Structures are given as C-alpha cells and as structure tokens.
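The values are calculated or read from the model by the stated rules, or taken from the named source; none is laboratory data. Predicted model only: the values in this text are computed from it and were never measured. For neighbour counting, all protein chains shown are included, and Cβ atoms are generated from backbone atoms with ideal geometry for every residue, glycine included. Just so you know, the surface numbers come from the protein's heavy atoms only, side chains and all, with ligands and any DNA or RNA stripped out. Shrake-Rupley method; radii C 1.70, N 1.55, O 1.52, S 1.80 Å.
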Amino acid sequence: MRGCLSGAVIVIAMSSTPAQTAYPDTMADDERWMRHALALAAGAAALGEVPVGAVVVREGELLGEGANAPIGLSDPTAHAELRALRAAAARVGNYRLPGATLYVTLEPCAMCAGAIMHARIGRVVYGTRDPKTGTAGSVIDLFAEARLNHHASVEGGVLQSECAAQISSFFAARRSAHCSPAVSVSDSGSAERLADGEADA
C-alpha cells in the first residue's frame, strides 16, 4: 500500500555513524527538488505508470533523474530511484555517490533502499509514506539497521500532501476508467490502496 501518515516533515532515521558530509539543504531546497521529482512522476502517470519520480542532487547540482517505468520498459527494476541513480552514476563516472541527496516522491522499497546504500547516498528525502512496501520506517527501517554497513539520513513528509494526492488521483482515475478498486484518501490524510499490489512502483 502506498500512502502517508501525516503532512509534517519528520526525521525517520539518522546515521548511526558520525556525519562526514554537511548537507546545506534548506527546506526551500528540499521543496524545489521534490517539485522536480513530482513533475517527473506526472510524466510517468501520463504513460500509465504509477507516478513516482526521483532526482539525485549534490552540492546543488542535478546529477540524475528518473521516473517510474517498469511497465513501459518491461523491467521490474525500473523504479524511479534506480533510474535516477543510474543516470547520476553515469554522469560522474562512478557508482559511488557520497555526499549526494536522493529525492523521491514515494518512500523507497527494499530494492531501491539497497541500491541507495550501495551508491553510498548520504541523504534520502521522500514525500509520502508507503505503508505496504516502504523501507524507511513504514514496514521496516533498513536505513537504521545497525548490521548494515552504510547508513543514510532519511527525512519524510516533504510536500507530503502533494505527493500523496498525485498517487491518489492516479488510482482514482484508473478506478473511474476501469471500474476497479483503486485508492481512497481517508480523513486522516493517508492515501490507501484498496487493491493489493496495485501501487507497486
């Protein structure tokens, strides 16, 4: 299930090791890059993909971006985060991206969290929670798992309402078009899929 719990920006997990890189990102910076990710997600929705967008930024420079495309590419790994990481790594010529921040409209899944760790991303900022497959605290918190050898700081809730509404609207439109269960937004503000597996990125 894809969704969120509140509109507040919350710190989900912090590095358990001393920080080696300073992240001067302000809330304005975070919102700027999240809006960029939202625009990418909108492009994915227009192609019939679950709307998720991601960007990788370091020192104010956009290194890579990606939108969800597993259907169009017939590739189960074509999540927005992985596509953004691939583009960033290709640009800098290194699969390690220390000091970079990854912005994504939806809380990362286990696959994407693993890639984020392998890339040595220092900071992850996401928009809305995914209570079905989220691994930054919703289902499990891989970023705070002490047995793993890399720990990124994670912040959730940036432009939460917009990110949640984008996914809700996508599934509402699908329900209207196909008369099938899709998604509802509860009074608490949580976007909840009613059809299991439907919002897998």
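Worth pointing out:
- For beta carbons closer than 8 Å, sequence separation of 6+ or different chains, a first residue in the stretch 64-92 that is open to solvent by 60 Å² or more (accessible area, probe 1.4 Å) and a second that is of a type in the set (Gly, Ala, Ser) and in a loop (DSSP other than H, G, I, E, B), the qualifying pairs are Ile71/Gly48; Gly72/Gly48; Gly72/Ala78; Arg83/Ala69.
- Count of residues meeting criterion [touching a helix residue (DSSP H, G or I) at 6+ places or on another chain (Cβ under 9 Å) and at pLDDT below 95] in the stretch 101-132: 0
- Among residues of the stretch 93-111, those that are open to solvent by less than 20 Å² (accessible area, probe 1.4 Å), farther than 23 Å from Ala165 by Cα and hydrophobic (A, V, I, L, M, F, W, C), counted: 2
- Scanning the stretch 90-118 for residues that are within 19 Å of Gly134 (Cβ to Cβ) and either of a type in the set (D, E, K, R) or assigned to a loop (DSSP other than H, G, I, E, B) (or both) returns Glu107, Pro108, Cys109.
- Take the conditions (1) at pLDDT below 55; (2) more than 16 Å from the chain's Cα centre (by Cα); (3) within 20 Å of Asp130 (Cβ to Cβ); Ser16 misses just one of them, which is (3).
- Checked against the criterion of being in a helix (DSSP H, G or I), touching a residue at least 12 places away in the same chain (Cβ under 8 Å) and more than 18 Å from Arg35 (Cα to Cα), the stretch 125-133 contains not a single residue that satisfies it.
- The lone exception for Leu148 - which of (1) assigned to a loop (DSSP other than H, G, I, E, B); (2) out of contact with any helix residue (DSSP H, G or I) (no Cβ under 7 Å at 6 or more places or on another chain); (3) over 20 Å from Ala37 (Cβ atoms) it fails: (2)
- Matching option when the condition is open to solvent by 10 Å² or more (accessible area, probe 1.4 Å) and of a type in the set (Ser, Thr, Tyr), among Thr128, Thr133: Thr133
- Residue within the stretch 66-86 that is of a type in the set (Lys, Arg) and over 13 Å from Tyr103 (Cα atoms) present: yes
- Within the set Val154, Val139, Val158, the sole residue that is under 18 Å from Leu40 (Cβ atoms) and of a type in the set (A, V, I, L, M, F, W, C) turns out to be Val158.
- Scanning the stretch 26-44 for residues that are hydrophobic (A, V, I, L, M, F, W, C) and open to solvent by 30 Å² or more (accessible area, probe 1.4 Å) returns Met27, Ala28, Ala39, Leu40, Ala42.
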